[in-house]
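**Student:** Sharing a structure here in structure tokens format.
Here, each number is a calculation from the coordinates, and none is a lab measurement. Predicted model only: the values in this text are computed from it and were never measured. FYI the Cβ positions are ideal-geometry reconstructions off the backbone, even for glycines, and counts take in every protein chain you see.
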Amino acid sequence: TAQLTPTPETAPVAPAGSSTPSAPTALGTSAAELVARRRKGYSLEGDFYTSREIYDLDVDVVFSKNWIFVAAAAEIPEAGDYVTVDIGKASVVVVRDDDDEITAFHNVCRHRGSRLLEDKGFVGNIVCPYHRWTYALDGSLLHAESQPPGFDKSCFSLHKVHVRNLAGLVFICLAQDAPADFDEVAKIVEPHLRPYQLDKAKVARQIDLPEAGNWKLVMENNRECYHCDGHPELISAFFPIFGYSAEDITPRLQPIWDRYTAAKEALAEKRVAQGTPLCDHQELDTRPVGFQLEHFPLEGESKSFAAGGAALCSKLIGDVKDAAFGDISMHLQPNCWFHFLGDHCIAFSVMPTSPTTSVLRTTWLVNPDAEEGTDYDLESLCATWNATNDQDRTLVTNTQIGCSDPAYVPGPYSMVEDQVEAFVNWYMTRLREHLGLEATA
Ligand code: 3BY
Ligand code: FES
């Protein structure tokens, strides 16, 4: 299958605007030339969002050599639970083994190559549907019928894929040598995420939203709040100044900034009182595993992403003690972002499916003891981000169409799109390394 594995729920695609998404194009200029002539501080040329060659590079260089967020550990809580993940032509099985560890293998039988597992589910052992070679959950070959004497089963274990469980968030890397920087980043991030105990969380809902846009447009859109006025539900509790600093504040934004700085101080006091880490980190393009982690306060007495900031789940997540615990906003390059609130957490991943399409997966995580209908109403829990994702989907669709227009030329980023530049810079660095181009200043 070339598509991302379907999940139980897939939101319908509503048409955005009157145009249809653009078709992939062939590259007139070499990828190396396009990368070399990229103008810093400007959006990318249209080919980056439309061409098959760039898409193939994105899959081979970005998605196959870096750490990619693929699942919440809570999706596979028991030994034998698995999910599959498709990255280009590669498919990977992520499974919880008998030692309660999360492990990952290429989804390719060591006999004659059949796909082993589809979608997600539960298995005792991994049995190939073709000739029934049978693998243990650690990937070792247990049984292969009718083999000659001397057949050595130990030579035919499933090929492993690098995997990390970062505080309940599962990342894989297809490269032979995965960027070692991940473990450094994990060390920084883990204490911040510990209170949420995501390893033990419950998946309340997961939705795959097909996007009529290149995966980078979805990521770039996430990396800025320049457009946040288009998210009325979200900014009821979320300050629409994510990524802004004092010098970016216009008179229109001053009252919001004042409320934000006061709320940030109050949140800091609260976190110190509870002994939870406080510092923010901004390293989106300054290390191989680019990331940012920010303790972002919510408006007023807001607890969660509901209209007016009401809590959305009456059982707080993990061992969080205070419903008004702010939001940790965490972004990792290249494909994910997260929100950690006192009452639930939300994980977002973007996977490329073609030059002009991608899938945004949103996973809502709650306390494992929280009962739907009693402690939370599922529709209310998901309402703000369903609305926000839908609004963003329209923006992405329209940008994909516009970037495919012959009249499109890259435009300048504003002062408040630093994180879009950081995303593109991180991305360009990966392509430059791959293409053997000099690093830019
Ligand atoms: O990271 C986020 O989810 C936010 C929401 C809106 C824009 N983005 C920065
Ligand atoms: Fe898997 Fe033959 S291809 S057992």
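**Student:** Quote to one decimal, in nm, the extra length available between His131 and Ala246 on full extension: 0.36 nm per residue of separation minus the C-alpha distance between them.
**Tutor:** 35.0 nm
**Student:** How much length is gained if the chain between Glu184 and Asp98 is pulled fully straight, taking 0.36 nm per residue apart and subtracting their Cα-Cα distance, in nm to one decimal?
**Tutor:** 28.2 nm
**Student:** Excluding Val218 itself, calculate the net charge of residues whose Cβ lies under 14 Å from the Cβ of Val218, where each Lys or Arg counts +1 and each Asp or Glu counts -1.
**Tutor:** -3
**Student:** Something else: Label-point separation (nm) for Asp369 and Ala36, each offset 7 Å from Cα along Cα-to-Cβ?
**Tutor:** 6.3 nm
**Student:** Taking trypsin sites (Lys or Arg not before Pro) that fall in a DSSP loop and have at most 12 other Cβ atoms within 10 Å as cut points, what is the longest piece of the chain between them?
**Tutor:** My reading of the result: 133-441 is the longest stretch.
**Student:** If you don't mind, another one. Anyone know which of Asp97, Asp390, Asp369 comes out most mobile in the 10 Å Cα GNM of the chain?
**Tutor:** Comparing Asp97, Asp390, Asp369 in a Gaussian network model of the chain, the most mobile one is Asp369.
**Student:** Still on this structure, please answer the following. Please compute the net charge surrounding Glu421, taking Lys and Arg as +1 and Asp and Glu as -1 over other residues with Cβ under 10 Å from its Cβ.
**Tutor:** Spelling it out: positives minus negatives among the neighbours equals -3.
**Student:** Ala204's amide H: which non-local residues (gap 5+, or another chain) put their own amide H closer than 5 Å, with H modeled 1.01 Å from N in plane and none for Pro or chain starts?
**Tutor:** Trp364, Leu365, Val366
**Student:** Can you give me the long-range amide H partners of Glu211? Hydrogens built in the peptide plane at 1.01 Å from N, cutoff under 5 Å, separation of 5 or more residues or another chain.
**Tutor:** Placed amide hydrogens put Ser358, Val359, Leu360 under 5 Å from Glu211.
**Student:** Residue by residue through the stretch 101-110, what is 3J(HN,Hα) from phi via Karplus (6.51 cos²θ - 1.76 cosθ + 1.60, θ = phi - 60°)? Round to whole Hz and write x for glycine and proline.
**Tutor:** 8, 8, 10, 9, 9, 5, 7, 9, 5, 6
**Student:** Calculate the spin-label point distance for Ala439 paired with Arg259, positioning each point 7 Å from the Cα along the beta-carbon direction, and give it in nanometres.
**Tutor:** 4.2 nm
**Student:** At a 10 angstrom cut-off on C-beta neighbours, averaged per residue, how do the peptides 25-33, 141-149 rank from highest to lowest?
**Tutor:** 25-33, 141-149
**Student:** Then there's this: With a cut-off of 16 Å, note down the residues of the stretch 237-273 whose backbone N falls inside the zone around a label point 7 Å from the Cα of Asp322 toward its beta carbon.
**Tutor:** 261-273
**Student:** On to the next question. Lone cysteines in the chain, defined as no other cysteine's Cβ under 4.7 Å from theirs: which are they?
**Tutor:** Cys155, Cys173, Cys279, Cys313, Cys336, Cys345, Cys382, Cys403
**Student:** Hey, which of these cross-link pairs are over 19 Å Cα-Cα: Lys40/Lys216; Lys270/Lys321; Lys120/Lys216; Lys160/Lys200; Lys200/Lys315; Lys120/Lys315?
**Tutor:** As for pairs spanning more than 19 Å Cα to Cα, those are Lys120/Lys216; Lys160/Lys200; Lys120/Lys315.
**Student:** Quick one: what are the phi-derived ³J(HN,Hα) couplings along the stretch 417-428, Karplus 6.51/-1.76/1.60 with θ = phi - 60°, whole Hz, x for glycine and proline?
**Tutor:** Coupling constants for the stretch 417-428: 10, 4, 6, 6, 4, 5, 4, 5, 5, 4, 4, 5 Hz.
**Student:** I've got another one for you. From the phi of every residue in the stretch 298-311, what ³J(HN,Hα) in whole Hz does the Karplus formula 6.51 cos²θ - 1.76 cosθ + 1.60 yield, where θ is phi - 60° and glycine or proline is x?
**Tutor:** 9, 4, x, 8, 4, 10, 7, 8, 9, 4, x, x, 5, 5
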